[in-house]
Structure formats: structure tokens, C-alpha cells
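The values are calculated or read from the model by the stated rules, or taken from the named source; none is laboratory data. Owing to the predicted nature of the structure, the values given are computational and were not obtained by experimental measurement. Glycine also receives a Cβ, built like all others from the backbone with ideal geometry; neighbour counts cover every protein chain displayed. Quick note on the areas: whole protein, heavy atoms, side chains included, nothing else; ligands and nucleic acids left out. Shrake-Rupley method; radii C 1.70, N 1.55, O 1.52, S 1.80 Å.
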Amino acid sequence: MSNLNKDAVLEVLGRVQDPDLHKDIVTLGFVTKCEVDGGKVTVVINLTTPACPVKEELKSQAEAEIRTLPGVTDVDIEMTAVVRGQEGTPRVLAKSIQNIIAISSGKGGVGKSTVSVNLACALAQTGAKVGLLDCDIYGPDIPMMMGLNGHPEQTEVDGKPMLTPKMNHGVKTMSVGYLLKEEQPAVWRGPMVHKLIEQFLSDVTWGELDYLLVDMPPGTGDAQLSLAQLVPLTGAVLVTTPQAVATFDVTKAITMFKQVNTEILGLVENMAGQTIEGLVEGAQEGQSVRLCVGGQEETLKIDSEGRFRTVVDLFGRGGGERLAARFDIPMIGQLPIDPSVRVGSDAGMPVVISSPDSPLAQRFKQAAGKLAQRIAVRSFASLPVLD
Ligand code: ADP
């Protein structure tokens, strides 16, 4: 006669630790369903983000623990997630949005919009409800990068005219680019920027969102201050390049976020090295090729298709890490220069959509996972959810 019952299952599940929250999944309240029917065990584990990078590990650990119990014949584990916002930050605007995250950079051209679209698409691919707001008044590139254009539709909600976000790749978007006529130069003054951001938060039918990423104008101007004043931000992501890492612009951006009490959730170092790929015709898997770039020689292995690939550091290594360490900011991504990024962006196909299995897309997905993880850790408070 086996002693297989709910308590026994919960006891073994108590050995499964969440590596970020440093507690087990039962204590954390993540086990929202636990049923035993004969030898069949059905469990639901409810995480704090669908983008959890250790979701699969937690699932297989839970299954392995349950299978150690005598009498278990079947294990059915469903992984779910509920994203929560910051506790104690009541919001007047954009109440249905759990987390608002500013994507910022010290200066233009470092890949801030590219990072914004790829992070947004990568989060949406995990099943999260994601919005992307383009407030980059100087270069509203999100429509092009997301393959969208035209004026957004208008609807009336409770007698108030509202804009409907345009959607592609699973992401709801709104952009200043949808509202400006092409080639129309816009001169923005502080109060206008403030009004625009306020309207984007209050007059757009975003619906329920887990994450709203806001592509900010480069620098530390009015837009950053307006956004931080209008809504409590979950935090910011700072995008830089290896050349810009040590510059005054980046330090200024970090200081500005500190001044407005916005935590920098992560640093992304973009254009960190150049991807070099090649094909050696007729080569066998496991053979090697010697490559010399900038006086440095490297030996690379050839894969089953005769290809080799590496990332060459053009601007030196370690600047991003040093910056992150100096200001105690987590480094969430290092992305090489890769022509497919630009080609994809220009064609409305972010690399995580066009080549989801490529090493570069994997890096973007990892960065999105780390960001979601960071947000989840910050917003965590125990959930009283066990049946
Ligand atoms: P920002 O928003 O900071 O002004 P963008 O995202 O518009 O920068 O990027 C500037 C240009 O650099 C774009 O043409 C973009 O496609 C390209 N780019 C960005 N990141 C990369 C990368 N990792 N590899 C290759 N090209 C990139």
C-alpha cells in the first residue's frame, strides 16, 4: 500500500529551489494545484513570469522529485505565470499595465530601438502580454522595425477618443511615427513631449499588459523626466556600445535615473564585437581553421555543414562589465554587430522573429529572460494560492 498523497508530493516539491528567490517553490506559493489520483500526480506551478529562464529546469526538477515517490505512474506538470507589477505604487495612468520599463541610451545610434523591438518580441514569444511605446521623437523607427505603418485606428471609449495600438509579432505598438506625416520635421519642446507621453499612456487602448517597453529619445532630456513623473516605472534598461561605455553620456544617463529614483534593471552592450562566419568547401566536421583578425590569431572548429563562426572584439573587451560593476547594474546582454540585425530591422522582421534559433536571437532571448527575472524578483511577495 503506497502512501502517495498530496502532502507527500508537496514535501518532495519543497526540495525544488527557485535560484533567484532562494526559496523552494512550495514556500514561495508557486504550487497552485496539487492532485493525486491513484498513481497520477497533477501539479500546476505558477511562476512570476512566462519568460523565466529556468522554467524548463524547474519543471524537470519537479517531475524528477515527484517520480522518486513510490506508486507514481504518471506526472502531469503545467507551468503557468502571472506577472505582477511593483507593490505599493498606485497608478493614475495606464492602470492595466503591470510593468513600464524605459529603454534608454546616453546617445543615439547605439541600437536602443533595435534592442527595444527584439526584447519586446522575445518577451511576447514566451506568452507574455507586451506593448512597445515609441517615444523617440527624434527617430521614431519602431514602425519600420516592426513592419507597421499608417495612422492608428480611433475608437471611442466612454465618449473619449482613443487610439488603437498596431500589432505585429505579438506586440502591441504605438509610435509618434504613426502620427507624424512622413518627412515632416518635428521640433519638440519640453511641454509638448510631456503631453505626448501622457496621451500615449492615457489615450491608447493598451488593455492588460505584463510589460510595456518604452523606447526613449537618446540622452537625458525632458522625455525621461516626464515619463518618470507621469508613471511609477518598474525600471530602465540602458543600452550602450563598447565605444560609448566610458563616455560622459552614459554616466549622465545613469545619474539621471538615480535622481528620479528609477532603478536600472540592466545594461545591454550592443555592437560588442563583430560576428565573422565562413564556409570551407569540402571541409569535414571537427577540422579547424585559423583566422587572423587585427593581429590576433584564433583557431576555430568547423561544424557539420563546413561552417565556422566567431565574434571578434573590435573595441576591446570588458568595458561593459566594468561599467556594470562600477554602478552595480546587472549586465543582461552583450550583442555583436551582425548585418542580419540591420537587414531584418529595415524589413520589419526583428532577428528574434526572422531567425529565432540563430546565436544572436538566443542572446536577445536570454537578455529578455534576465530582464523579466529581474522584474519578477523585485516585484515578489508571496502568493497565498495553494488550494
Ligand atoms: P538607436 O535607437 O540607438 O538610435 P538603432 O536601433 O536605430 O539605434 O540602430 C542604429 C542602426 O544600427 C540601425 O541601422 C540598426 O539596424 C543597426 N544596428 C543596431 N544594432 C546592431 C547590431 N547588433 N548589429 C548590426 N547592426 C545593428
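So the values come out like this:
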quantity: Extension gain, A64 back to A325 (0.36 nm per residue minus Cα-Cα distance, nm); calculated: 90.2 nm
quantity: Listed residue (L279, A324, M256) projecting farthest to the positive dipole end of segment 249-329, Cβ model; calculated: M256
quantity: By average C-beta atoms within 10 angstrom, highest first, the peptides 211-219, 268-276, 56-64, 23-31; calculated: 211-219, 268-276, 23-31, 56-64
quantity: Interchain or long-range residues, amide H under 5 Å from M331's placed H; calculated: L267
quantity: Segment 274-335: relative contact order as a whole-number percent, Cα under 8 Å and 6+ apart; calculated: 32 percent
quantity: Pairwise centroid distance, computed over Cα atoms, of segment 256-312 with segment 1-44, Å; calculated: 42 Å
quantity: Length released on extending from F248 to L314, taking residue separation times 0.36 nm less the Cα-Cα span; calculated: 21.7 nm
quantity: Separation of the D20 and E56 label points, Cα + 7 Å toward Cβ, nm; calculated: 1.8 nm
quantity: Rounded to 5, percent antiparallel among DSSP beta bridges of the chain; calculated: 40 percent
quantity: Using a Förster distance of 41 Å, the FRET efficiency for R91-Q284 (Cβ separation, nearest 0.05); calculated: 0.10
quantity: Relative contact order, percent, segment 228-387 [alpha-carbon distance under 8 Å, six or more residues apart]; calculated: 23 percent
quantity: Segment 6-81 - Debye-derived log10 I(q)/I(0), Cα point model, q = 0.21 Å⁻¹; calculated: -0.85
quantity: Average Cα contact separation per residue, the chain, under 8 Å, 6 or more apart, as relative contact order %; calculated: 20 percent
quantity: Cross-link pairs K195/K365; K160/K195; K112/K181 - those with Cα-Cα distance over 25 Å; calculated: K195/K365
quantity: Contour excess over end-to-end distance, with Cα ends at S358 and E263 and 0.36 nm allotted per residue; calculated: 31.1 nm
quantity: Ranked by how many other beta carbons lie within 10 Å on average, peptides 43-50, 4-11, 278-285 from highest; calculated: 43-50, 4-11, 278-285
quantity: Spacing of the two label points (7 Å from each Cα toward its C-beta) at D346 and Q229, in nm; calculated: 4.0 nm
quantity: Compactness index (Cα Rg / 2.2 N^0.38 Å), segment 272-377; calculated: 1.27
quantity: FRET E, pair K160, E277, Förster distance 41 Å, beta-carbon r, rounded to 0.05; calculated: 0.20
quantity: Theoretical FRET efficiency, 1/(1+(r/R0)^6), r = Cβ-Cβ of M192 and T299, R0 51 Å, to 0.05; calculated: 0.35
quantity: Spacing of the two label points (7 Å from each Cα toward its C-beta) at L180 and D37, in nm; calculated: 5.8 nm
quantity: Probe 1.4 Å - accessible area at L69, Å² to nearest ten; calculated: 30 Å²
quantity: Rg over Rh [alpha-carbon atoms, Kirkwood Rh] for the chain; calculated: 1.02
